[in-house]
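Undergrad: Below you will find the structure I want to go over with you.
The values are calculated or read from the model by the stated rules, or taken from the named source; none is laboratory data. Model, not experiment: these values are computed from the prediction. A quick note on method: Cβ atoms are made from the backbone with ideal geometry, for glycine too, and the neighbour counts reach across all protein chains shown. Each accessible area value is taken on the protein alone, full model and side chains, heavy atoms only, with ligands, DNA and RNA left out. Shrake-Rupley method; radii C 1.70, N 1.55, O 1.52, S 1.80 Å.
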Amino acid sequence: MPNVTFYNLNEMYAEKTGRSEYAKSYEITDFLNNYYNYGYDFDHIIIDEAQDFDAEHLDKLYEIAKNFSGYFYVFYDENQLVHQWNSSTLKWFNESEIPKGALSKNCRNTLHIASTAYRPVEIENIDLAKDIPGEIPIMKLANSDEQVLELIAETIRGFTDQGFTKNQIAI
């Protein structure tokens, strides 16, 4: 799309600072506090999947948009807020006066996938935009990194044994 730039915060941090490593939260905060030193060149800020952001970063991004008279849009899905470290973000969604768009329908998963994904966070009432047919997924739990790797290898072998190529498998 012309005149549109897609970034996640780490990509923007890396491009603007010239650093290539993954930024720590405090480095992103410092970067946002000093955005004017890095050649800010955006008219508006639109955030998707805002449940994955720190509340402090959302506040800073809002301040930046406001300082440049830009629009600031935030879209999130509270049902995907599964990281305990993001409890401040949930509080931000509930208390901030910034206009936000909360998603209320699952538009991309089958009922089987959605109910399996929501089970660990104890969400029972699932509202799908449409009923998408699909197989019942199998949830596999691991107690260590080694077990995760074993389960992934086992799953890949299962698909390749069924005739799928590795290029057809996404994890």
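Undergrad: Under 6 Å between Cβ atoms, at least 6 apart or on separate chains: pull out the pairs that start in region 39-52 with a residue that is closer than 18 Å to Ser69 by Cβ and end on any residue that is of a type outside the set (Gly, Ala, Ser) and assigned to a loop (DSSP other than H, G, I, E, B).
TA: The qualifying pairs are His44/Tyr71.
Residue by residue, here is whether (1) part of a loop (DSSP other than H, G, I, E, B); (2) at pLDDT 70 or above; (3) open to solvent by 70 Å² or more (accessible area, probe 1.4 Å); (4) not acidic (Asp, Glu) holds:
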site	(1), (2), (3), (4)
Asp59	no, yes, no, no
Lys66	no, yes, yes, yes
Val74	no, yes, no, yes
Asn79	no, no, no, yes
Tyr118	no, no, no, yes
Lys130	yes, no, yes, yes
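Undergrad: Search region 13-36 for residues being of a type outside the set (Asp, Glu), without any contact (Cβ under 8 Å) to a residue 12 or more places away in the chain and in contact with a helix residue (DSSP H, G or I) (Cβ under 9 Å, 6 or more places away or on another chain), and hand back the single one that is farthest from Asn67 (Cα to Cα).
TA: Within region 13-36, the match that is farthest from Asn67 (Cα to Cα) is Ser20.
Undergrad: If I filter region 133-171 down to residues being in a loop (DSSP other than H, G, I, E, B), of a type in the set (Gly, Ala, Ser) and at pLDDT 90 or above, which single residue comes out as least open to solvent (accessible area, probe 1.4 Å)?
TA: Ranking the qualifying residues of region 133-171, first place goes to Ser144.
Undergrad: Can you run down the residue pairs with Cβ atoms below 9 Å, 6 or more apart or on separate chains, where the first is in region 159-171 and touching a residue at least 12 places away in the same chain (Cβ under 8 Å) and the partner is of a type outside the set (Lys, Arg)?
TA: Listed pairs, sorted by first residue: Ile169/Thr155; Ile169/Ile156; Ile169/Phe159; Ile169/Thr160; Ile171/Ile152; Ile171/Thr155; Ile171/Ile156.
Undergrad: So, of the residues in region 27-36 that are outside any loop (DSSP other than H, G, I, E, B) and at pLDDT 90 or above, which turns out to be most open to solvent (accessible area, probe 1.4 Å)?
TA: Taking region 27-36 first, the residues outside any loop (DSSP other than H, G, I, E, B) are 27-33, 35-36.
Checking which are at pLDDT 90 or above leaves us with 27-33.
Values: Glu27: 29, Ile28: 7, Thr29: 16, Asp30: 84, Phe31: 9, Leu32: 6, Asn33: 65 Å².
Applying the filter and picking the extreme gives Asp30.
Undergrad: Give the residue that is nearest to Leu90 (Cα to Cα), with candidates limited to residues of region 37-52 that are assigned to a helix (DSSP H, G or I) and open to solvent by 30 Å² or more (accessible area, probe 1.4 Å).
TA: Looking at residues that are assigned to a helix (DSSP H, G or I) and open to solvent by 30 Å² or more (accessible area, probe 1.4 Å), I get Asp52.
Undergrad: Kindly establish whether Ala14 is open to solvent by less than 70 Å² (accessible area, probe 1.4 Å) and at pLDDT 85 or above.
TA: Considered against the rule, which asks whether it is open to solvent by less than 70 Å² (accessible area, probe 1.4 Å) and at pLDDT 85 or above, Ala14 comes out as yes.
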